[in-house]
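Let me begin by presenting the structure, written as structure tokens, before commenting on it.
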Amino acid sequence: MAVPSWEDPKLGAMKRVALWLVQNVGVGELFTKSQLREAFPGTSQIDRRMRDLRDFGWRIDTNREDPALGSHEHRFVKQGAPVWEPGMATRKVGVTVTAAERHALMMRDGHKCRSCGIGPGEQYAGTYVASQLDVARRSVRMPTGEISVQLVIECNRCRVGGRDLTADLGDVLTRIDRLPVYERKMLAGWVEQDARSFSDAEALWAAYRTLPADSRDKVRAALMQTVPDVSA
């Protein structure tokens, strides 16, 4: 089937945006909001029509997904379904989230990133970068082997890191079954509270692991002065 031109006025705005991305931008390339609006003068809500493509497997990153991008930049990362073909613009492959559903998901997850626990607008440790929370689509492998797309609240950093990951529910359930009873009770307590408290030593261990090698050597030397038989 011949691919139509993105300038064909008989096509809808979303289809034309898809074709413009393919024919004028190219996968992996950057474009700006201004370039998109200049290509479609007089077309209302053209930004939304572009975002609609995500429901059909298209991946278009902003600085929320890729911090290296500027506030007005986008990257055309992946082409999805050819929505300009007959019938393809009705077969959504993603999970559409309404404003009400997004609010309910935020409430469910306590307005915290489920991966790292940061809240909206909080600064990441050691930086002046504030977090942004949004709905992430997470692939989950069910015990049957089927892949289910489920929704979770994550910050912009964790969404980038976990974008291509698939959670394995079956593996988690199997490993729980292998736990000794006392460890299973401990885990059940954390799950019930939806939180785990860390001792000072555990928190310091996490902080130590973030240090470069030279700084880790200084920590080790300081500990050896107070606990000389630590390696015994």
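The values are calculated or read from the model by the stated rules, or taken from the named source; none is laboratory data. Please read all numbers here as calculations on a predicted model, not as lab measurements. Note that each Cβ is placed from the backbone with ideal geometry, even for glycine, and that neighbours are counted across all protein chains shown. Ligands, DNA and RNA are stripped out before the accessible areas are found, and what is left, the full protein with its side chains, is counted by its heavy atoms. Shrake-Rupley method; radii C 1.70, N 1.55, O 1.52, S 1.80 Å.
If you filter the range 24-40 down to residues that are in contact with a strand residue (DSSP E or B) (Cβ under 8 Å, 6 or more places away or on another chain) and of a type in the set (Gly, Ala, Ser), you find that the one that is most open to solvent (accessible area, probe 1.4 Å) is GLY28.
Condition check ((1) farther than 16 Å from VAL77 by Cα; (2) out of contact with any Phe, Trp or Tyr (no Cβ under 6 Å at 6 or more places or on another chain); (3) of a type in the set (D, E, K, R); (4) assigned to a loop (DSSP other than H, G, I, E, B)) across all residues:
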position	(1), (2), (3), (4)
ASP8	yes, yes, yes, yes
LEU19	no, no, no, no
GLN23	no, no, no, no
THR43	yes, yes, no, yes
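Screening GLY94 on (1) part of a loop (DSSP other than H, G, I, E, B); (2) at pLDDT 90 or above; (3) within 17 Å of the chain's Cα centre (by Cα); (4) surrounded by 13 or more Cβ atoms within 10 Å (Cβ to Cβ) shows it passes everything except condition (2).
Can we say ALA89 is closer than 30 Å to ALA207 by Cα and aliphatic (A, V, I, L, M)? Considered against the rule, which asks whether it is closer than 30 Å to ALA207 by Cα and aliphatic (A, V, I, L, M), ALA89 comes out as no.
Among all residues of the range 112-124, there is at least one that is exposed (fewer than 10 other Cβ atoms within 10 Å of the Cβ), touching a Ser or Thr at 6+ places or on another chain (Cβ under 7 Å), assigned to a loop (DSSP other than H, G, I, E, B) and without any contact (Cβ under 8 Å) to a residue 60 or more places away in the chain. Residue pairs whose Cβ atoms lie under 6 Å apart, separated by 6 or more positions or on different chains, with the first residue in the range 176-193 and under 17 Å from ARG114 (Cβ atoms) and the second at pLDDT 95 or above, do not occur.
Selection of the range 25-35 for residues being farther than 17 Å from GLY80 by Cβ and in a helix (DSSP H, G or I) yields LYS33, SER34, GLN35.
Residues in the range 48-59 that are open to solvent by 30 Å² or more (accessible area, probe 1.4 Å), assigned to a helix (DSSP H, G or I) and in contact (Cβ under 8 Å) with a residue 12 or more places away in the chain: ARG49, ASP52, ARG54. When residues in the range 9-23 are screened for being under 17 Å from ARG59 (Cβ atoms) and loosely packed, with under 15 Cβ neighbours inside 10 Å, 0 of them pass. Which ones in the range 201-232 are modelled with pLDDT under 90 and charged (D, E, K, R)? Scanning the range 201-232 gives GLU202, ARG209, ASP229. In the range 144-159, the condition of being open to solvent by 60 Å² or more (accessible area, probe 1.4 Å), in a helix (DSSP H, G or I) and among the charged types (D, E, K, R) is met by at least one residue.
Being under 20 Å from VAL149 (Cβ atoms), open to solvent by 30 Å² or more (accessible area, probe 1.4 Å) and touching a helix residue (DSSP H, G or I) at 6+ places or on another chain (Cβ under 8 Å): is that true of ASP66 here? Outline the logic, then answer.
Numbers: under 20 Å from VAL149 (Cβ atoms): no; open to solvent by 30 Å² or more (accessible area, probe 1.4 Å): yes; touching a helix residue (DSSP H, G or I) at 6+ places or on another chain (Cβ under 8 Å): yes.
Considered against the rule, which asks whether it is under 20 Å from VAL149 (Cβ atoms), open to solvent by 30 Å² or more (accessible area, probe 1.4 Å) and touching a helix residue (DSSP H, G or I) at 6+ places or on another chain (Cβ under 8 Å), ASP66 comes out as no.
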